[in-house]
Number of protein chains: 2
Amino acid sequence: MEKNVLLTIAYDGSGFSGWQRQKGLRTAQGEIERVLSLLCNQEISVDGTSRTDAGVHALDQHASFKGDFSIPVENIPRAANDLLAAGLYTEMEKGYKGKSADIRILEAKEVPMDFHARFNSKGKMYRYLIDTSEECDLFSRNTAYNLGQALDIEAMNEACKYIIGTHDFKAFEAAGSTPRESTVRTIYGLRVFPLGNSGLIAVEVKGDGFLYNMVRIMVGTLVDVGLGKRSAEELPDILESLDRTKAGPTAPAEGLYLAKVYYEEEDLKTWKE
Amino acid sequence: MEKNVLLTIAYDGSGFSGWQRQKGLRTAQGEIERVLSLLCNQEISVDGTSRTDAGVHALDQHASFKGDFSIPVENIPRAANDLLAAGLYTEMEKGYKGKSADIRILEAKEVPMDFHARFNSKGKMYRYLIDTSEECDLFSRNTAYNLGQALDIEAMNEACKYIIGTHDFKAFEAAGSTPRESTVRTIYGLRVFPLGNSGLIAVEVKGDGFLYNMVRIMVGTLVDVGLGKRSAEELPDILESLDRTKAGPTAPAEGLYLAKVYYEEEDLKTWKE
């Protein structure tokens, strides 16, 4: 009998040409579909919640797929992860495992047939990491925006207050994006804070939906504020302009993490993390 | 007038085919020589202290080179690092810097003409990181050995006691290594400890010299002890055997860091780090 399965997936985006399947490129969706097709003995195609770009990471991506297969749903994560890791092992004497996979299925569960990973989601949280230490950590190149300059976090949080709420975010959509029905979105939370004394600064944003590159343009604009290139009070004008050129630059992909997908509206509206 | 310069260099080994210059491959030595040759307007060749293998990291590599050039020695790090980072920038609007280089010159200083980065060094310290958490950190794949199993640190430290001291370490030399004058080395310190609650375990070893793959074979053997596959008390027999097959497997490259190069004998004999 056909089942509908919801997967929770994590990946280090640095090794992928983004989420979406593309012929001849290593993508997260492509990898997941490859191993599920092997395990389910049929061609499987999955619907992801977020189409993350090349270099963007995911801690809590979701994807659903349907199929009539015999492998117990609860066995899918372990079996899939073994396949995902195979081929990444380093050459070692006596067969020690060398590398763990850069993409993993964290959970698989059966859901009602009408459930869809993307259409049923109520919103998402993204986290963005910025390395502000003068000499950026040698090993943070693929996991944080290597800014290498100090930021005024207080000023950035001031700017956040103008972004939170329901607005037309057209100024924060990549130029040349496919036109959408509406560019109005609701941002429920947006905050900037340091991660200990590491020099890493996190930006976290929760919303019911995001336009193409919206988080990265938001972060680029907040960084401008943090560097003193713009004042927090410019934000209302930028929003009202509906003009991409008025907002800041698009912050690079490597700092961005899809951190949480919400299927309950209440979870979206409060910070519990 | 000709000068002799000592460099301190750090690199993330995951992007390099090791230290040593090799035609057609990206190596740390090759990158350093490429940018120094540009800056000094002449072909520069550097002598490194340690020939790290592919995938091995360096926090404190040293290298010396001679030349008659006009750039002030103190300007070399900044100028070289700008060249090393160039080409790694991500495509961004408005020209933000995206990536910092995966190899950096930390310091350059003039030294007497008869000083040599390798021949004058009294010893080195290596650090080895092991991710013992059941699900290894998604982002530690290139920076730690993804073991994914708990280790008995106490037993490993017991085994360390047998290794510390002056021994013939032939059992801990890669099979088929070019024969050396002597395989006797002195290990001044060897210790195993957890890094907070991260699941990461560090092995640190200080010695006057290391045979080929000696640290990685030592770690592989200590891991065997930590997993209960061997007892600490087997170490004397392994050492005395002078037989590579009696020691444990070679732990993978990605966990290994050249952590310190010592030019003073006293620094080698105590733990100050």
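The values are calculated or read from the model by the stated rules, or taken from the named source; none is laboratory data. Predicted, not measured: the structure shown is a model, and the values here were computed from it. Counting neighbours? That spans all protein chains shown, and the Cβs are built from the backbone with ideal geometry, glycine included. With ligands, DNA and RNA removed, areas are computed over all heavy atoms of the protein, side chains included. Shrake-Rupley method; radii C 1.70, N 1.55, O 1.52, S 1.80 Å.
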Would any residue of segment B:1-30 have its amide N under 16 Å from a label point 7 Å out along Cα→Cβ of B:Asp68? List them or say none. B:1-5
Per-residue [θ]222 nm for chain A (sum of -39500 (n - 2.57) over DSSP H runs n ≥ 4, rounded to 500): -6500 deg cm²/dmol
Sorted by accessible area with a 1.4 angstrom probe, largest first, how do A:Lys260, B:Lys269 fall? B:Lys269, A:Lys260
Under a Cβ-Cβ cut-off of 13 Å, what is the net charge of the residues other than B:Ile187 that fall near it, where Lys and Arg count +1 and Asp and Glu count -1? +3
Please list 3J(HN,Hα) in residue order for segment B:116-128, calculated via the Karplus relation 6.51 cos²θ - 1.76 cosθ + 1.60 where θ = phi - 60°; whole Hz, with x for glycine and proline. 9, 3, 8, 5, 8, 6, 9, x, 9, 10, 10, 10, 10
Per the C-alpha gyration tensor (a ≥ b ≥ c, the square roots of its eigenvalues), segment B:1-137 is rounded if a/c is under 1.5, else prolate if a/b beats b/c, else oblate; here it's oblate
Heavy-atom accessible area with a 1.4 angstrom probe orders B:Phe69, A:Phe139, most exposed first, as A:Phe139, B:Phe69
Using a 1.4 Å probe on the heavy atoms of the protein chains only, list every residue of segment B:8-29 that has 30 Å² or more less accessible area in the complete assembly than in its chain alone. B:Asp12
Shortest first and in nm, the label-point separations between A:Ile164 and its counterparts in the other identical copies (7 Å out along Cα→Cβ) come to 5.5
Can you tell me how the protein assembly as shown classifies by the Cα gyration tensor, rounded, prolate or oblate, using a/c under 1.5 as the rounded cut? oblate
Which whole number gives the average count of other chain Cβ atoms within 10 Å of the Cβ atoms across peptide B:101-107? 2
For segment B:1-130, with all protein chains present and a 1.4 Å probe, just round the carbon and sulfur fraction of the accessible area to a whole percent. 47 percent
Computed over the protein assembly as shown, protein heavy atoms only, probe 1.4 angstrom, the accessible area per residue in square angstrom equals 45 Å²
With the cut-off at 1.5 for a/c, could you classify segment B:67-210 from its C-alpha gyration tensor as rounded, prolate or oblate? oblate
Given the protein chains as shown and a 1.4 Å probe, how many square angstrom of B:Ser45 are accessible, to the nearest 10? 70 Å²
Total accessible area lost when B and A pair, probe 1.4 Å, Å² to nearest 100: 3300 Å²
Charges at C-beta only: +1 for Lys and Arg, -1 for Asp and Glu. How large is the resulting dipole of segment B:1-147 about its Cα centre, in Debye rounded to 20? 260 debye
Residue-averaged beta-carbon neighbours from other chains (10 angstrom radius) around A:246-256: 3
Packing-based ranking, highest mean first, of B:163-169, B:223-229, A:21-27 given that Cβ atoms within 10 Å are counted: B:223-229, B:163-169, A:21-27
Can you list the HN-Hα couplings for segment A:239-247, worked out from phi with the Karplus curve (6.51, -1.76, 1.60; θ = phi - 60°), rounded to whole Hz and with x for Gly and Pro? 4, 5, 4, 6, 10, 3, 5, 7, 7
Return the long-range amide H neighbours of B:Ser177 (sequence gap of 5 or more, or a different chain), with a cut-off of under 5 Å between placed amide H atoms. none
So how much accessible area does B:Arg127 have, in Å² to the nearest 10, using a 1.4 Å probe? 70 Å²
Here the net charge surrounding B:Glu107, from other residues whose Cβ is less than 13 Å away from its Cβ (Lys, Arg +1; Asp, Glu -1), is -1
Other protein chain Cβ atoms within 10 Å, averaged over every residue that makes up B:140-148: 5
Placing a label point 7 Å from Cα toward Cβ, how far apart in nm is B:Pro112 from its equivalents in the other copies, listed shortest first to one decimal? 8.3
Given charges of +1 on the Cβ of Lys and Arg and -1 on the Cβ of Asp and Glu, with all other atoms neutral, how large is the dipole of chain B about its Cα centre, in debye to the nearest 20? 460 debye
Ranked by how many other beta carbons lie within 10 Å on average, peptides B:48-55, B:151-158, B:130-137 from highest: B:48-55, B:130-137, B:151-158
When only the heavy atoms of the protein chains count and the probe is 1.4 Å, how do B:Leu38, B:Leu195, A:Leu147 rank by accessible area, highest first? B:Leu38, B:Leu195, A:Leu147
Charge tally for neighbours of B:Leu38 with beta carbon under 15 Å away, counting Lys, Arg as +1 and Asp, Glu as -1, is -2
Roughly how much of A:Ser198 is accessible, in Å² to the nearest 10, using a 1.4 Å probe? 60 Å²
For B:Thr270, label point 7 Å along C-beta direction: distances to other copies, nm: 5.5
Please name which of B:Met156, B:Gly220, B:Val73 has its Cα lying farthest along the dipole of chain B towards the positive end, using unit charges on Cβ (Lys, Arg +1; Asp, Glu -1) and the Cα centre as origin. B:Val73
